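Below is one structure, written out as structure tokens; the observations come after it.
The values are calculated or read from the model by the stated rules, or taken from the named source; none is laboratory data. Only a predicted model underlies this, so the values are computations on that prediction, with no experimental measurement involved. No Cβ is skipped: glycine too gets one built from the backbone with ideal geometry, and neighbour counts run over all protein chains shown. SASA here: full protein model, heavy atoms, side chains in, ligands and nucleic acids out. Shrake-Rupley method; radii C 1.70, N 1.55, O 1.52, S 1.80 Å.
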Amino acid sequence: MFHHDEEDEPDRSQEHLGDMSLLDKMSMWNSKDGQDHTTHQNEDLFEGVKDDEEESIDQSELSAYHNIIVDSSAYKWFLANLVNDSILKLGTLQPRIRQRILDELPTGKISKRRIPDIHEVSFELEWDDAIEESLRNELPEQGKLSDLSFRPSIILTGSPQEAQGLTIQQYLAQTWPETGLQLLFSLQAAVIYHPHWHMVDLPGNTQLSTRILSSRLLVTATGPAYDVADCGEILTWIMSALLSNTRNISLYCLPRITSFRIDDVAPSNSNLFKYKGYCNFDFDHTQTATLDEPLPGIQSVIRDLLGETTIILGFPIRRRPEGYPGLELSFDALLLYLQASKAEIFVLDVFIKGPKRVLKLFKHSGDVFLWRLDHSLAKYSSYCSASRSEATALEDYSSLNHHALEYGRHILSKCEANAAPAKGMYQAVLT
């Protein structure tokens, strides 16, 4: 009834498949094209795995990843530092405090599956009544410039060739716009409420704890390595600024790390931190010259301008065009120093005239103005000859206005020589 010949007969096509020519194999392949090849589905083989081969990539999902990156604290820190590095420069060869701290911290790993390693570093500095009083003077109600508070409120940062004079709050807002002022306010709160700890949350998931205990200032920063390093650098600049206000002699101040210790790696189940460090600072003050000796570089201008003061080294200042050495001050500071109410603009010259001193505009590039200081200019009887010998042509200042001066950047250097100005040169444009 049943014939089994075909079942017992071997599969000749499979047996002799290896003997088939390439043309026969291609013909067989084409003949099977279009046939329904069913697959056996077994839900147990890949439990919980769905076949999404046919699903298209949703554009909204890509935007979610984009938002995760853009809104991350690390990305914001990167952008802020990128902007700062484009407008700021370090005038000395020493590496920044921030980089020194990062070099001391253990190297972490970059991973998309977990947040950066958390570090806890405790900074310890000396503290005394003079520093505390200087910090109290920086409270918000004391922050406005006045004739009486002008000189001590200006802090000089930079190098012997190029320096910038700003108040503590102005420099912090310029150099560390994200965390500078918050750290200053944390120190001020510690002064008001000591000996209790004052806690504050900083950008980038960083916590700051500050306490003044007897003769020591204790500041603990907990967060990613780059935020902790920023806190250490900000703290050392603030302390340098406060110390400079307690001295009445021309000095250079260069803060340095005296010791840095890292504890063993914390247990893996620790949620607070992975590395814990302890850092101590010292502040080297070097006298540049005796009172009877000429001061090198910018110090001679500074003494004539602000009296005895300190230049803080190792921190960045705003970039300026080449050929603009000297001390940068705001326009309001120049007016206060000279006891002048405004600038006097002429066709060929611009002056800021005070009872004892006169500043003369030497040159400018965009919104950056270079001024020369000379006592002999008080009655316009003479002026700096370099302004005529170095200039290729007389500049016409008739289009310059007070608004441009008010919002510009002003750098002061000292005049080396004098010569009589040409008669009739002072044709007033603005009075």
Legend entry - Every residue from the range 400-415 that is within 8 Å of PHE331 (Cα to Cα) and open to solvent by 60 Å² or more (accessible area, probe 1.4 Å): GLU406, TYR407
Inset, instruction - Kindly check whether there is at least one residue in the range 404-425 that is modelled with pLDDT under 75, part of a helix (DSSP H, G or I) and not hydroxyl-bearing (Ser, Thr, Tyr). - result: no
Inset, instruction - Tell me which of these PHE351 doesn't satisfy, since it passes every other one: (1) open to solvent by 10 Å² or more (accessible area, probe 1.4 Å); (2) over 28 Å from the mean Cα position of the chain (by Cα). - result: (1)
Inset, instruction - Could you run through the range 180-208 and say how many residues are open to solvent by less than 20 Å² (accessible area, probe 1.4 Å) and either outside any helix (DSSP H, G or I) or not polar (S, T, N, Q) (or both)? - result: 11
Legend entry - Checklist (1) open to solvent by 50 Å² or more (accessible area, probe 1.4 Å); (2) in contact (Cβ under 8 Å) with a residue 12 or more places away in the chain applied to GLY232, failing item: (1)
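Residue by residue, here is whether (1) in a helix (DSSP H, G or I); (2) at pLDDT below 90 holds:
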| residue | (1), (2) |
| --- | --- |
| THR236 | yes, no |
| LEU243 | yes, no |
| ARG247 | no, yes |
| SER259 | no, no |
| PHE273 | no, yes |
Legend entry - Subset of the range 339-348 that is touching a residue at least 12 places away in the same chain (Cβ under 8 Å) and open to solvent by 50 Å² or more (accessible area, probe 1.4 Å) - its residue that is nearest to LEU361 (Cα to Cα): GLU344
Inset, instruction - Can you confirm whether the range 93-101 contains a residue that is more than 26 Å from THR220 (Cβ to Cβ) and at pLDDT below 75? - result: no
Legend entry - Enumeration of residues in the range 317-338 that are assigned to a strand (DSSP E or B) and crowded, with 21+ Cβ neighbours inside 10 Å: ILE317, GLY326, LEU327, GLU328, LEU329
